[in-house]
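The values are calculated or read from the model by the stated rules, or taken from the named source; none is laboratory data. All values derive from a computational prediction rather than experimental measurement. Here the Cβ is made from the backbone with ideal geometry for all residues, glycine too, and neighbour counts use every protein chain on show.
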Amino acid sequence: MATITLTGGNAVIAIIVGAIGFGISYTMASADLDQTGEALIQREIYFEYLGYAHAEDEKNGTREVSRQLNGRSDIKIVSLSGRGTRESMIVKVEVEPHPVQPPGTELVRYFQLRHSHLGGWSVWGKSSSFAYYTRLFVPWN
């Protein structure tokens, strides 16, 4: 196994290069999400609520639950933040409570989004708080 020993000027240069690399990584780790991406997440949550509402209506034999959900604009996003690169990011979403919210769902959720120049934003699935916070250190993962 080879060992590398840095002393003097080489050590200073290695520290500076490492700090610059971390700075670039940190800057890229906090990505912005445009209105299209926000609308996509809002739609994803809306369809989750709508599926729950239809299941409850089937179970009860009424349409009472789905009448409480008027449209995608019913889903109010309190805060939204993304980490990662523009091509692949984890988004933290906090929504207001809603009467049609499925039981057991959290008000703070995490989604993995991808972006391409041809297709725009797409939701790749749900994610976790662990993935969201580790994107700060490894934004390209």
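Quick look at the numbers
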item: Qualifying residue in the range 58-72 (condition: touching a helix residue (DSSP H, G or I) at 6+ places or on another chain (Cβ under 6 Å), surrounded by 12 or more Cβ atoms within 10 Å (Cβ to Cβ) and among the hydroxyl-bearing types (Ser, Thr, Tyr)); result: yes
item: Subset of the range 94-133 [among the small types (Gly, Ala, Ser), farther than 15 Å from ILE45 by Cβ and more than 14 Å from the chain's Cα centre (by Cα)]; result: SER116, GLY119, GLY120
item: Residue count for the range 6-52, restricted to those that are more than 21 Å from VAL93 (Cα to Cα) and either part of a helix (DSSP H, G or I) or modelled with pLDDT under 70 (or both); result: 18
item: Checklist (1) under 19 Å from GLU38 (Cα atoms); (2) surrounded by 15 or more Cβ atoms within 10 Å (Cβ to Cβ); (3) free of Cβ contacts under 8 Å to residues at least 24 places away in the same chain applied to GLY125, failing item; result: (2)
item: Residue list for the range 62-82, restricted to those being at pLDDT below 80 and under 10 Å from GLN42 (Cβ atoms); result: ARG72, SER73
item: Within the range 76-105, tally of residues that are more than 28 Å from GLU56 (Cα to Cα) and either surrounded by fewer than 19 Cβ atoms within 10 Å (Cβ to Cβ) or without any contact (Cβ under 8 Å) to a residue 24 or more places away in the chain (or both); result: 7
